[in-house]
Amino acid sequence: TRYADCNGSEASEETEIAVNIGGVKHILYGDVLNRYPETRLAELVNRATDSTQDLCALCDDYDDSKREFYFDRDPEAFKCILELYYYGEIHMKRGICPMCFMKEMDYWGIDADYLDECCISSLNEVQTELEEIAEKVKTILDDLEDDTTLTRAQRCQTFLWKLMEKPESSLAARIIAVASFAFILLSSVVMCVGTIPELQVEDAEGNLVEHPTLESIETACIIWFTLEYILRFLSSSNQVRFVFSFMNIIDFLAIMPFYVVLILTHLGTAVMELANVQQAVQALRIMRIARIFKLARHSSGLQTLTFALKSSLKELGLLLMYMSVGIFLFSALGYTLEQSHPDTMFTSIPQSFWWAIITMTTVGYGDIYPKTTLGRCNAAVSFLCGVIAIALPIHPIINNFVIVYSKQRVLETAAKHEIELMALRAKEEAQDCPEAERTVSPGSSSVWDSAAVSASQSDTYIPLLGDTANMSKDQPTHKCKNN
């Protein structure tokens, strides 16, 4: 590819260099390249008369007979690099990895500020994903490594935390997670079954209460939840943050009603009337429904749904705004149009809100309905607007859920793949360095062996973290040389 200047001058009348990028030859002119003198190409032009040995430091190879520079780089990425010299900005082409392109820009001595805004946004997205993968890698490494500087109490605390919070860390932890999930389901089923009148029994005063067998099962579940909460609290490294965590508040609310009911039943009658105690007991029993939210701790699907709803707050807010405006508008119109009918059911605008809600959401209980012709026309328009208002944000919300779910799967796979690569690098270094090989425990053969852990401590270079912190910097390789 030949690039001429805007005046159409011949190549012999100005400084030019020939570069071969991955087999693609380019003729570049000095006046164009010197627009950015700090770049590698501009330095090639200015040092074209240097010795061959000095020029080879700026390229992969140099042919003195042809006066041609050879670079083992991506030719497609280089075409984007050339846009800087002719247009003053750079655009990444589709299909080029943003992080690899940043390394190309760093190699050619071009600052990332020359990227166009549209490309910077895609670069930031990739950088954020790499940071999340790196965070997962650090979490996995923290679970794998065994810090010998910890005291026995700290080791027990760490072991207990992994046992209660990391189901993938061991078989015992996985069994505890399955048992906890089973107790949550059992407790929820018992709570529902206990309200069936045929399964209830009468107490001494003739009131229907839960069957003793169901109460025994409920007590066993509460004992498990209490023991689980205490062990997790004791093993937490930051107990204040543990107490105020949202999911831990849910766990506490699921346990607390049982003990409050127990205290009120045995001690409350001496302070309050029996009727007041029974009302308080019934109100606290309702709070047992909070334990169903404990399923989110053991269900990645529910966690993904929560993240998707968080990312869809704008769409949900838009839906609520549409519905609020429609409810107020159609309830006011319904009240006004129905006033002429003697048997009107619309006695006030606030009372008409209920009719507008069940109409716009297409529920239609039929307890309140218009009786005039204009009122029915208003009702028809209201439920048509309700269908449209509900349908509009559904697709973005579903799309957000699919994106979040797919991203979580990709991040988990990428983190495990990065760990395997680090383990392979550690094995290569152990083979190259006899001193490092002696530190590896004998008999370890999997990619999760001690070589991977010892080469991946918190003070050791993690490739993903290095790429995100120094996006386009060439990272040093830790290789030992045999003298």
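For (1) touching a residue at least 40 places away in the same chain (Cβ under 8 Å); (2) open to solvent by 50 Å² or more (accessible area, probe 1.4 Å); (3) closer than 30 Å to residue 128 by Cα, each residue gets a yes or a no:
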position: 311; (1), (2), (3): yes, yes, yes
position: 331; (1), (2), (3): no, no, no
position: 336; (1), (2), (3): no, yes, no
position: 344; (1), (2), (3): no, no, no
position: 364; (1), (2), (3): no, yes, no
position: 413; (1), (2), (3): no, yes, yes
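Can you tell which of 231, 214 is closer than 17 Å to residue 262 by Cα and under 44 Å from the mean Cα position of the chain (by Cα)?
214
Checking residue 201 against (1) in contact with a His (Cβ under 8 Å, 6 or more places away or on another chain); (2) open to solvent by less than 30 Å² (accessible area, probe 1.4 Å), only one condition comes out false. Which one?
(2)
From the list 426, 380, 414, exactly one residue is part of a helix (DSSP H, G or I) and within 30 Å of residue 361 (Cα to Cα). Which is it?
380
Among the numbered conditions (1) at pLDDT below 80; (2) farther than 25 Å from residue 186 by Cα; (3) open to solvent by less than 40 Å² (accessible area, probe 1.4 Å), tell me where residue 274 comes up short.
Only one criterion in (1) at pLDDT below 80; (2) farther than 25 Å from residue 186 by Cα; (3) open to solvent by less than 40 Å² (accessible area, probe 1.4 Å) is unmet by residue 274, namely (3).
Is it the case, given these coordinates, that residue 130 is touching a strand residue (DSSP E or B) at 6+ places or on another chain (Cβ under 6 Å) and in a helix (DSSP H, G or I)?
no
I'd like to know if region 95-105 contains one or more residues that are open to solvent by 20 Å² or more (accessible area, probe 1.4 Å), on the phi < 0 side of the Ramachandran plot, outside any helix (DSSP H, G or I) and at pLDDT below 85.
Checking region 95-105: at least one residue is open to solvent by 20 Å² or more (accessible area, probe 1.4 Å), on the phi < 0 side of the Ramachandran plot, outside any helix (DSSP H, G or I) and at pLDDT below 85.
Scanning region 342-372 for residues that are assigned to a helix (DSSP H, G or I) and of a type in the set (S, T, N, Q), which turns out farthest from residue 388 (Cα to Cα)?
It comes out as 351.
Give 349, 255, 292, 357 a once-over and let me know the one that is open to solvent by less than 30 Å² (accessible area, probe 1.4 Å) and either at pLDDT 80 or above or touching a helix residue (DSSP H, G or I) at 6+ places or on another chain (Cβ under 7 Å) (or both).
255
Can residue 158 be described as surrounded by 15 or more Cβ atoms within 10 Å (Cβ to Cβ) and of a type in the set (Val, Ile, Thr)?
Yes; evaluated as a whole, the condition is true for this residue.
Just one of the numbered conditions (1) basic (Lys, Arg); (2) touching a strand residue (DSSP E or B) at 6+ places or on another chain (Cβ under 7 Å); (3) at pLDDT below 80 is not true of residue 47; which one?
(2) is the only condition that residue 47 fails.
Name, by its number, the condition in (1) at pLDDT below 85; (2) not in a helix (DSSP H, G or I) that does not hold for residue 339.
All conditions are met except number (1).
What number of residues within region 22-62 are open to solvent by 10 Å² or more (accessible area, probe 1.4 Å), of a type in the set (Val, Ile, Thr) and part of a loop (DSSP other than H, G, I, E, B)?
Of the residues in region 22-62, 1 are open to solvent by 10 Å² or more (accessible area, probe 1.4 Å), of a type in the set (Val, Ile, Thr) and part of a loop (DSSP other than H, G, I, E, B).
Of the conditions (1) more than 19 Å from residue 394 (Cβ to Cβ); (2) modelled with pLDDT of 85 or more, residue 285 fails just one. Which one is it?
Checking residue 285 against (1) more than 19 Å from residue 394 (Cβ to Cβ); (2) modelled with pLDDT of 85 or more, the one that fails is (2).
So, in region 378-409, of the ones that are more than 38 Å from the chain's Cα centre (by Cα) and open to solvent by less than 60 Å² (accessible area, probe 1.4 Å), which residue ends up farthest from residue 351 (Cα to Cα)?
The selected residue is 380.
Among the numbered conditions (1) within 20 Å of the chain's Cα centre (by Cα); (2) open to solvent by 90 Å² or more (accessible area, probe 1.4 Å), tell me where residue 428 comes up short.
(1)
If I go through region 63-79 residue by residue, how many of them are open to solvent by 50 Å² or more (accessible area, probe 1.4 Å) and of a type outside the set (Asp, Glu)?
6
Name the one entry in 375, 326 that is buried (at least 18 other Cβ atoms within 10 Å of the Cβ), assigned to a helix (DSSP H, G or I) and touching an Asp or Glu at 6+ places or on another chain (Cβ under 6 Å).
Just a single option satisfies the conditions, and that option is 375.
Looking at (1) surrounded by 13 or more Cβ atoms within 10 Å (Cβ to Cβ); (2) outside any loop (DSSP other than H, G, I, E, B), can you tell me which one residue 179 breaks?
Status for residue 179: all satisfied but (1).
Report whether or not residue 131 is open to solvent by 50 Å² or more (accessible area, probe 1.4 Å) and closer than 30 Å to residue 166 by Cβ.
Yes.
The values are calculated or read from the model by the stated rules, or taken from the named source; none is laboratory data. In this text, all values refer to a predicted model and were calculated from it rather than measured experimentally. A quick note on method: Cβ atoms are made from the backbone with ideal geometry, for glycine too, and the neighbour counts reach across all protein chains shown. SASA here: full protein model, heavy atoms, side chains in, ligands and nucleic acids out. Shrake-Rupley method; radii C 1.70, N 1.55, O 1.52, S 1.80 Å.
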